[in-house]
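The values are calculated or read from the model by the stated rules, or taken from the named source; none is laboratory data. Everything quoted here is computed from the prediction, not taken from an experiment. Please note: Cβ atoms are built from the backbone with ideal geometry, for glycine as well, and neighbour counts cover all protein chains shown. Heads up: the accessible areas ignore ligands, DNA and RNA and are worked out on the full protein's heavy atoms, side chains in. Shrake-Rupley method; radii C 1.70, N 1.55, O 1.52, S 1.80 Å.
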Amino acid sequence: MALTQDTIAALAEHLENCELQAHDTLKITNDHPDMDWDDAYAIQDAILARKIGRGARVIGLKAGLTSHAKMKQMGVDTPVFGFLVDYFSVPEGGEVKTSELIHPKVEPEIAFVLKHALKGPGCHIGAVLAATDFVLPGIEVIDSRYRDFKFDLKSVVADNTSAARFVVGGRPMRPSEVDLRTVGVVLEKNGEPVALGAGAAVLGHPAAAIAMLANHLGRRGREIPAGSLILSGGVTEAVAVAAGDNVSLRVQGMGSVSLRFV
Ligand code: 0L1
Ligand code: MG
């Protein structure tokens, strides 16, 4: 690691304040060009520790930048991983307050809920499907704390991969009931389709993103706990939203889920 514990703590406080006060910042690697991957995840962990210290509860995890459309949109080439805590969760059809966010965007995702823990290394799609209780449609609201979404991957990881809000809903399905590679998704904003895709856009199969997450955690001596909700990553590029927008996601055979920006 290149950063001291004091610097990690200070950067975690800075980035979390940007999130909680809805103001942006420049990417942190501008001032810390030597920051490495372990530093980036240590800053993310320190942000989580601050939230837990104030009573937040971890409810799941997320993979991000798992589709070529997202990687191309952001000019990067590898997935990243983050955490989800209780107050990120919006009820089905519920409201997202834009005053609490900087420049939100939405992404259509397939969410997994595990019945068994998953641990890498060596985790693969088969192990993920065997450990999955059900899958369901989800919309992730991302909100990079970096000005104009201008960042590099280490800065994004430190910023908990832009996680902000999410909603899941529709019809939960057993993984054996749906082919997650060919399943079609339609994201609508104010009744108009704004992004279309199929599950295979996520690393060939959305379960591959969950396996990558388990292997990433396994390298750090951790696992994905049973009962976790995991967002497998945007199937399409992200779409900007503003107050007044209604967003819904339909996933073929899995119903729809929606939220409103106020
Ligand atoms: O969930 C995601 O794919 C977001 C990853 C972070 C990059 C971004 O803010 O677009
Ligand atoms: Mg996402």
**Study point:** In sequence order, calculated HN-Hα J values of segment 3-13 (Karplus, 6.51, -1.76, 1.60; Hz; x Gly/Pro)
**Key:** 9, 7, 4, 5, 5, 4, 5, 5, 5, 4, 5
Point to revise | Simple spin-label estimate for residue 20 and residue 95 in nanometres, 7 Å along Cα-Cβ | key: 2.3
Study note, to complete from the structure: Applied in sequence order to segment 198-205, the curve 6.51 cos²θ - 1.76 cosθ + 1.60 (Karplus, θ = phi - 60°) yields integer Hz couplings, x standing for Gly and Pro, of 10, x, 4, 4, 8, 6, x, 6
**Study point:** Options 240, 168, 130, ranked by Cα towards positive dipole end of the chain, top entry (Cβ charges)
**Key:** 130
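Using a probe radius of 1.4 Å on heavy atoms only, what accessible surface per residue do you get for segment 184-253? Whole Å² is fine.
Accessible area per residue: 37 Å².
Could you work out how much longer the chain between residue 1 and residue 49 gets when fully extended? Use 0.36 nm per residue separation minus the Cα distance between them, nm to one decimal. Intermediate results must be reported in sequence, preceding the final value.
Numbers: separation 48, 0.36 × 48 = 17.28 nm, distance 1.90 nm.
Taking 0.36 nm per residue and subtracting the Cα distance, the gain is 15.4 nm.
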Revision key, fill the gap. Between residue 94 and residues 5 or more places away or on another chain, the pairs with built amide H atoms under 5 Å apart involve 260
Revision key, fill the gap. Carbon/sulfur accessible area of the chain, % of total, 1.4 Å probe, equals 52
Review point. Any idea how far apart residue 9 and residue 86 come out in nm if each label point goes 7 Å out from Cα toward Cβ?
Key: 2.6
Exercise for review: On a C-alpha basis, how far is the centre of segment 94-163 from the centre of segment 1-68 in Å? Whole number, if you could?
Suggested key: 15
Check your understanding: What number comes out for the charge environment of residue 217, summing +1 per Lys or Arg and -1 per Asp or Glu over other residues with Cβ under 11 Å away?
Key -> +3
Check your understanding: Taking square-rooted eigenvalues a ≥ b ≥ c of the alpha carbon gyration tensor, is the chain rounded, prolate or oblate, where a/c under 1.5 means rounded and, failing that, a/b exceeding b/c means prolate?
Key -> oblate
Review point. So how far apart, in nm, are the two label points at residue 38 and residue 240 if each is 7 Å from Cα heading toward Cβ?
Key: 3.9
Exercise for review: Would you mind working out the magnitude of the charge dipole of the chain relative to its Cα centre, with +1 at each Lys and Arg C-beta and -1 at each Asp and Glu C-beta, to the nearest 20 Debye?
Suggested key: 600
Review point. Residues of segment 111-166: accessible area per residue at 1.4 Å, in Å²?
Key: 30
